[in-house]
Amino acid sequence: MPVKHQNGTDIWRRRTTKQSVAHSAMWLTGLAIFAVCWQQISNATTWFFVWDAPRIASDIWTRATPPRWEYISQLGRPIWDTLNIATLGTLISLCLAVPVAFLAASNTTPSRLFIRPIALLIIVATRSINSLIWALLLIAIIGPGVFAGVVAIAIRSIGFCAKLLYEAIEEIDAVQVEAITATGASRWQVMAYGIVPQIMPAFAGIAVFRWDINIRESTVLGLVGAGGIGLQLSSSLNVLAWPQVSLILLVILVAVVISEWVSAKVRGAII
Amino acid sequence: MSTELEAILGKTWRRPPFVTNPMLRWGLLSAFCAYMVAAYMTIEINWSRVYEGLDRGGQFILAFMTPDFVSRASDIWSGLLESIIITVAASVVGILISIPIGLGAARNIAPLPVYMICRGIVAISRALQEIIVAILLVAIFGFGPLAGFLTLSFATIGFLSKLLAEDIESMDRSQAEAVRASGARWAQWINYGVQPQVMPRLVGLSIYRLDINFRESAILGLVGAGGIGATLNTAFDRYEYDTAAAILILIIVIVMALEYISGIVRARVQ
């Protein structure tokens with residue numbers, strides 16, 4: 001226990017002198033890095049605009065309120081598209097994520113040396129690129145529209161679903177698998193009767209969780225032209241129709257809250 | 001012999017269904033089929049356009065084999081550096097702000113009015129998409145990394161405060177109470193009773209958030225909030241797939257490195 005001698009008595013301290021010096025040095029380095037970063041941001045900023053910001057913000061606020069409620073009649077189709085992008089994207093990604101997860105889990109992979117690293121690479125690569133970037137790419141390849149959004153969401157979700165799923169597969173109870181194997185089951189029968197029932201609740205939870213995230217992400221895919229309500233948002237922003245923008249933002253907010261509520265309910269029922 | 005066993009004997013075993021209630025099971029299944037039909041009817045896919053695009057898709061995949069880091073090197077590096085700067089600054093500020101809000105959003109240490117306010121902040125921050133916040137902040141503060149920095153800081157608050165508050169709510173009460181019983185002031189109570197219990201998770205979450213912030217910073221450039229996104233967007237618009245592939249590879253490598261570091265850090269603190 002580190003102690004400090006003061007007037008002949010020992011006083012408790014949290015760290016030894018060496019530890020506290022190292023601790024301060026770490027903080028100092030962190031502070032220096034932050035200062036450099038802030039300096040760079042500050043240099044790249046037009047401070048006049050920043051000092052002007054409160055006025056601009058209140059200006060935008062007065063333009064944006066009240067929202068143009070009539071516009072909601074034109075939002076039905078975009079909302080349906082958004083829902084389709086999220087749902088179909090999630091379904092496709094689940095179909096693709098299941099094999100990847102089985103190839104990536106160390107207890108089910110056919111080859112730890114060759115196939116598992118490839119599966120893990122697929123997981124990292126699809127996870128680390130945002131769905132908007134996937135959408136940009138797919139629009140360049142297959143043209144703008146809802147389909148590009150569906151594919152973007154599907155690709156982006158593979159990594160997330162496969163990662164959570166292969167972690168669930170690695171945590172299964174090996175005894176049950178062994179019991180099925182002992183009955184003389186084939187490899188696929190072991191999969192169907194020993195492994196799948198154990199990961200089914202996790203799978204359903206992951207699916208609903210990702211669907212909730214995908215609703216959020218699909219609301220903004222339209223900004224790059226991939227369909228959904230983001231398309232309306234971007235066209236309203238381009239013509240500075242602030243009352244429409246505020247209505248669309250409200251609709252997105254409601255959609256996000258509803259999807260989160262649904263996903264929480266369903267996960268609560270499963271787990 | 002028990003009646004239960006008698007009822008089963010002589011019948012082939014069938015796998016129990018995942019949803020036990022048959023009404024619910026068939027209801028869900030038919031609703032799902034109805035939805036799929038409706039979705040299929042309304043979605044428009046221009047298959048000829050898709051078919052034409054496959055060529056370019058192939059080109060893009062080939063571009064990953066020959067990424068071009070050189071011809072736009074200065075744009076790529078300045079964009080990437082800006083992304084990293086935004087990420088670091090926003091993570092630091094976001095974490096610093098989210099600690100008091102996280103304390104306020106934990107029901108077991110905050111009074112009800114503070115709790116309501118902090119939970120409200122968390123809810124707003126979580127409900128708003130990063131990219132939407134970025135659009136609004138670019139409109140207010142002008143183009144540049146400041147808007148991106150503020151966006152990510154704001155998003156960090158919602159994420160970190162919520163998880164920190166949940167961790168504080170599930171902490172061991174007796175340790176905090178022991179510190180309080182020794183006559184500690186409020187700040188000492190937090191510092192010696194609460195903080196040591198939540199610190200490992202806070203460090204882990206902070207590193208994780210750093211990772212998320214970097215990924216998000218890659219798209220902020222699309223709406224003019226600074227970072228690598230602007231370069232990437234230009235590369236796609238000009239069909240310079242080799243440059244785009246180079247940028248994507250750099251992003252993937254950095255994310256992998258961050259994930260690796262965060263794994264080490266989390267293993268050390270936990």
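Worth a mention:
- Test: residue in region A:232-250 that is of a type outside the set (S, T, N, Q), away from chain B (no Cβ under 12 Å) and part of a helix (DSSP H, G or I): yes
- Residue list for region B:142-156, filter: under 30 Å from residue B:192 (Cβ atoms) and surrounded by fewer than 24 Cβ atoms within 10 Å (Cβ to Cβ): B:153
- Per the listing B:134, B:139, the residue uniquely modelled with pLDDT of 90 or more, buried (at least 17 other Cβ atoms within 10 Å of the Cβ) and within 13 Å of another protein chain (Cβ to nearest Cβ) is B:134.
- Single condition residue A:86 does not satisfy, out of (1) at pLDDT below 90; (2) of a type outside the set (D, E, K, R); (3) under 18 Å from residue A:251 (Cβ atoms): (1)
- The lone exception for residue B:59 - which of (1) within 11 Å of chain A (Cβ to nearest Cβ); (2) under 23 Å from residue B:160 (Cα atoms) it fails: (2)
- Residue selection: residue B:97 satisfies the criterion of being within 14 Å of another protein chain (Cβ to nearest Cβ) and touching a residue at least 60 places away in the same chain (Cβ under 8 Å).
- Test: residue A:11 is under 30 Å from residue A:134 (Cα atoms) and not in a loop (DSSP other than H, G, I, E, B): no
- Residue count for region A:15-35, restricted to those that are loosely packed, with under 12 Cβ neighbours inside 10 Å and β-branched (Val, Ile, Thr): 3
- Any hit, region A:153-176, residues being surrounded by 15 or more Cβ atoms within 10 Å (Cβ to Cβ), touching a helix residue (DSSP H, G or I) at 6+ places or on another chain (Cβ under 8 Å) and within 10 Å of chain B (Cβ to nearest Cβ): no
- Residue B:247 being free of Cβ contacts under 8 Å to residues at least 40 places away in the same chain and within 30 Å of residue B:56 (Cβ to Cβ): no
- Within region A:79-114, the residues that satisfy the criterion of being more than 22 Å from the chain's Cα centre (by Cα) and either basic (Lys, Arg) or part of a helix (DSSP H, G or I) (or both) are A:103, A:112.
- Here A:44, A:57, A:64 are screened, and the one residue that is surrounded by 13 or more Cβ atoms within 10 Å (Cβ to Cβ), out of contact with any Lys or Arg (no Cβ under 6 Å at 6 or more places or on another chain), touching a residue at least 24 places away in the same chain (Cβ under 8 Å) and small (Gly, Ala, Ser) is A:64.
The rows are residues; the columns are (1) without any contact (Cβ under 8 Å) to a residue 60 or more places away in the chain; (2) away from chain B (no Cβ under 14 Å); (3) of a type in the set (Phe, Trp, Tyr); (4) in contact with a strand residue (DSSP E or B) (Cβ under 9 Å, 6 or more places away or on another chain).
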site: A:75; (1), (2), (3), (4): no, yes, no, no
site: A:89; (1), (2), (3), (4): no, no, no, no
site: A:97; (1), (2), (3), (4): no, yes, no, no
site: A:101; (1), (2), (3), (4): no, yes, no, no
site: A:107; (1), (2), (3), (4): no, yes, no, no
site: A:116; (1), (2), (3), (4): yes, yes, no, no
site: A:128; (1), (2), (3), (4): yes, no, no, no
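- Which listed residue, of B:83, B:48, B:30, B:71, is in contact (Cβ under 8 Å) with a residue 40 or more places away in the chain and surrounded by fewer than 13 Cβ atoms within 10 Å (Cβ to Cβ): B:71
- Restricting attention to region B:228-254, the residues that are closer than 29 Å to residue B:158 by Cα and more than 11 Å from every other protein chain (Cβ to nearest Cβ) add up to 2.
- For residue A:236, the requirement of being surrounded by fewer than 24 Cβ atoms within 10 Å (Cβ to Cβ), in contact with a helix residue (DSSP H, G or I) (Cβ under 9 Å, 6 or more places away or on another chain) and either closer than 24 Å to residue A:64 by Cα or not charged (D, E, K, R) (or both) is met.
- Scoring residue A:218 on the criteria (1) touching an Asp or Glu at 6+ places or on another chain (Cβ under 9 Å); (2) over 21 Å from residue A:267 (Cβ atoms) leaves a single failure, condition (2).
- Test: residue in region A:202-216 that is more than 30 Å from residue A:109 (Cβ to Cβ) and in contact (Cβ under 8 Å) with a residue 24 or more places away in the chain: yes
- Residue B:79 vs. criteria assigned to a helix (DSSP H, G or I), at pLDDT 80 or above, out of contact with any Ser or Thr (no Cβ under 6 Å at 6 or more places or on another chain) and more than 9 Å from chain A (Cβ to nearest Cβ): no
- Test: residue in region B:104-112 that is free of Cβ contacts under 8 Å to residues at least 60 places away in the same chain and among the aliphatic types (A, V, I, L, M): yes
- Checking every residue in region A:184-193 against the condition of being away from every other protein chain (no Cβ under 11 Å), among the aromatic types (Phe, Trp, Tyr) and either touching a residue at least 24 places away in the same chain (Cβ under 8 Å) or not in a helix (DSSP H, G or I) (or both) gives zero matches.
- Filtered by the rule that a residue be in contact with an Asp or Glu (Cβ under 6 Å, 6 or more places away or on another chain) and of a type in the set (D, E, K, R), region A:221-271 gives a lone residue, A:260.
- Within region A:194-218, the residues that satisfy the criterion of being facing chain B (nearest Cβ under 10 Å) and either under 13 Å from residue A:262 (Cα atoms) or out of contact with any Ser or Thr (no Cβ under 9 Å at 6 or more places or on another chain) (or both) are A:196, A:197, A:200, A:201, A:203, A:204.
The values are calculated or read from the model by the stated rules, or taken from the named source; none is laboratory data. Keep in mind that this is a model prediction, so the values were computed, not measured. Don't worry about glycine lacking a Cβ; one is built from the backbone with ideal geometry, like all the others, and counts go over all protein chains shown.
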